[in-house]
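Written below as structure tokens is the structure these notes are about.
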Amino acid sequence: MELHNIEKLLEKYFEATTTVAEEKTLKAYFLKGDVAPHLQEYTTMFTYFSNAKEETYTKQVPLKPRKRNYKWLSVAAVVVLVLGIYFGNDYREQKEAEYVLQETEKAFSLIAQNLNKGTEKLVYLNKFEEATNKIYKTN
């Protein structure tokens, strides 16, 4: 095989653009033993790939069922629930207090309006008292 062709195939191989047939050609070239000196460094790589393909793992892999730790999940759920109730009640109480404050302000406003109506009539009473004082002082 032509050395120039092998170099081009090697470049394509490292760019990941070779076909399966071209990779077989490269593998055959580097495994036959007659490799150009400047390409000798790639021989170990292709030798490793061919040896690794033949390796098998014979040891038994123990498969343990995964245990879910539901204790921590339930504890977290309880904590979230308690915090939600605590802060939810606090929020609800705050809203109730704001509502009571608004209703109280409305009641005080109504009382103030009624008292102002009564004080408007006191002006006439003050004039009546001045008139009676003039009458009694002049007599």
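Numbers below:
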quantity	calculated
Residues of the range 6-33 classified as modelled with pLDDT under 80 and open to solvent by 70 Å² or more (accessible area, probe 1.4 Å), total	0
Qualifying residue in the range 26-45 (condition: under 30 Å from residue 6 (Cα atoms), touching a Ser or Thr at 6+ places or on another chain (Cβ under 9 Å) and in a loop (DSSP other than H, G, I, E, B))	yes
Test: residue in the range 58-68 that is free of Cβ contacts under 8 Å to residues at least 40 places away in the same chain and either open to solvent by less than 50 Å² (accessible area, probe 1.4 Å) or closer than 21 Å to residue 12 by Cα (or both)	no
For residue 53: the one exception among (1) in a helix (DSSP H, G or I); (2) among the basic types (Lys, Arg); (3) modelled with pLDDT of 80 or more	(3)
Residue within the range 78-89 that is in contact (Cβ under 8 Å) with a residue 24 or more places away in the chain and surrounded by 10 or more Cβ atoms within 10 Å (Cβ to Cβ) present	no
Of residues in the range 46-57 being surrounded by 10 or more Cβ atoms within 10 Å (Cβ to Cβ) and among the hydrophobic types (A, V, I, L, M, F, W, C), the one farthest from residue 28 (Cα to Cα)	49
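The values are calculated or read from the model by the stated rules, or taken from the named source; none is laboratory data. As the structure is a computational prediction, the values presented were derived from the model and not from experiment. Because the Cβ atoms are built from the backbone with ideal geometry, glycine has one as well, and the counts that use them run over all protein chains shown. Note: accessible area is taken over every heavy atom of the protein model, side chains too, but ligands, DNA and RNA are not part of it. Shrake-Rupley method; radii C 1.70, N 1.55, O 1.52, S 1.80 Å.
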